[in-house]
1. If you go through segment 238-247 one residue at a time, do you hit one that is among the polar types (S, T, N, Q), closer than 19 Å to Ala322 by Cα and surrounded by 15 or more Cβ atoms within 10 Å (Cβ to Cβ)?
2. Under the condition of being within 12 Å of Leu163 (Cα to Cα) and among the hydrophobic types (A, V, I, L, M, F, W, C), which residue from segment 131-144 is surrounded by the fewest Cβ atoms within 10 Å (Cβ to Cβ)?
3. Regarding Ala127, is this residue among the small types (Gly, Ala, Ser), assigned by TED's automatic domain parsing to the domain that holds Leu49 and assigned to a helix (DSSP H, G or I)?
4. Going by the conditions given, is Arg273 on the phi > 0 side of the Ramachandran plot, surrounded by fewer than 14 Cβ atoms within 10 Å (Cβ to Cβ) and modelled with pLDDT under 95?
5. Going by the conditions given, is Leu99 closer than 26 Å to Tyr46 by Cα and of a type in the set (A, V, I, L, M, F, W, C)?
6. For the structure I just gave you, tell me whether Glu148 is in the same structural domain as Gln166 (by TED's automatic domain parsing), more than 22 Å from Ala87 (Cα to Cα), charged (D, E, K, R) and free of Cβ contacts under 8 Å to residues at least 24 places away in the same chain.
7. Within segment 147-168, which residues are outside any helix (DSSP H, G or I), buried (at least 21 other Cβ atoms within 10 Å of the Cβ) and touching a Pro at 6+ places or on another chain (Cβ under 9 Å)?
Amino acid sequence: MTQTAEQQKHTSTGQDVLVVDGLVRRFGDLTAVADVSFRIAPGETYGLLGPNGAGKTTTISMIAGLLEADEGSVTVVGQPMGPTKVAPKRHLGLVPQDLAIYPDLSARENLTFFGRLQGLSGGGLRARVAEVLELTGLTDRAKGPTKEFSGGMKRRLNIGIGLLHQPTLLILDEPTVGVDPQSRNAILESVENLSGEGMAVLYTTHYMEEAERLCDRIGIIDSGTLQAEGTRDELIRLIGGVDNIQLTAAGDTEAAAEALRALPPVARVDADRGRLQLTVHDAPTAVAQIVTTATASGLQLSDVQISRPNLESVFLHLTGKALRD
């Protein structure tokens, strides 16, 4: 997929595709979104990671101009966004949680219909429909009614509709909910390819592994508040950024523990009944030195396990609860 002129413009100037500043949305006494701010650059995939009910869908509804913000502002390619704004919405592709397809139409007919709504026509429309069918892996099923599709195929078609007009910003709201593992992986592979083509992507999910795989930067949202944002490594540094190594061994674990404590990457060692628990900095780099030192101290190692902090750990640290609570 080639970049549109608008995508090329924002890629070359470095201008943020999306700027969200101080968004607030209330429903009666409930504040669903409270002072949310973030930016997305050209070609960047930004993830909103949080549990169901965290405020993700309300946030993107305001970003897409479907819902009026009580406070704050949204600009898309430098243009103010809101329910009455038309021009900035042309730069958006929105893929909602609920499927927006016609079950009695084929995949090709669905794409053609929505393409016409987006201003495409003639040979350009036919070429774009063929390209999107290929991208979503639906070329072989282009003619059958979509009511016969699996859940994963419907999700992929839903994404294809959002991609038809080559938006500058694609918004994906929980696009893998309820799909089988094979379709889920196909969806994730498609999203991975988009940022390399200059498209900015806003991706909401409550799956930590999806955010880690896809997103250049991640905003952790809970109870309508953006708790923290940054790259994966930046977020992990919020909880100290240390790794754990467990050694299972026979021999004098106390003597080995003393030797291991002297190593620069090792922050802490606890010995207990044939096991050594080490807290270390950058475990993949340090593990060879640790194993060599432990062996030289007389230990006979039977197992080495490395565990690294992840976004689940960060979420628990920031909110006091597990991601799917």
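1. Restricting attention to segment 238-247, the residues satisfying the condition of being among the polar types (S, T, N, Q) are 244, 246.
Next, from what is left, pick out any that are closer than 19 Å to Ala322 by Cα: none.
No; the residues of segment 238-247 include none that is among the polar types (S, T, N, Q), closer than 19 Å to Ala322 by Cα and surrounded by 15 or more Cβ atoms within 10 Å (Cβ to Cβ).
2. Of everything passing the filter in segment 131-144, Leu135 is surrounded by the fewest Cβ atoms within 10 Å (Cβ to Cβ).
3. Working: among the small types (Gly, Ala, Ser): yes; assigned by TED's automatic domain parsing to the domain that holds Leu49: yes; assigned to a helix (DSSP H, G or I): yes.
For Ala127, the condition - among the small types (Gly, Ala, Ser), assigned by TED's automatic domain parsing to the domain that holds Leu49 and assigned to a helix (DSSP H, G or I) - is met.
4. Numbers: on the phi > 0 side of the Ramachandran plot: yes; surrounded by fewer than 14 Cβ atoms within 10 Å (Cβ to Cβ): yes; modelled with pLDDT under 95: yes.
In short, yes.
5. Numbers: closer than 26 Å to Tyr46 by Cα: yes; of a type in the set (A, V, I, L, M, F, W, C): yes.
Yes.
6. Spelling it out, Glu148 is indeed in the same structural domain as Gln166 (by TED's automatic domain parsing), more than 22 Å from Ala87 (Cα to Cα), charged (D, E, K, R) and free of Cβ contacts under 8 Å to residues at least 24 places away in the same chain.
7. Selection gives Thr168 alone.
Residue by residue, here is whether (1) within 27 Å of Leu49 (Cα to Cα); (2) of a type in the set (Val, Ile, Thr) holds:
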| residue | (1), (2) |
| --- | --- |
| Asn110 | no, no |
| Leu117 | no, no |
| Arg126 | no, no |
| Thr136 | yes, yes |
| Lys147 | no, no |
| Gly152 | yes, no |
| Leu170 | yes, no |
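The values are calculated or read from the model by the stated rules, or taken from the named source; none is laboratory data. The shown structure was predicted, so the numbers you read here are calculated from the model rather than taken from an experiment. Reconstructed Cβ throughout: ideal geometry from the backbone, glycine too, with neighbour counts over all protein chains shown.
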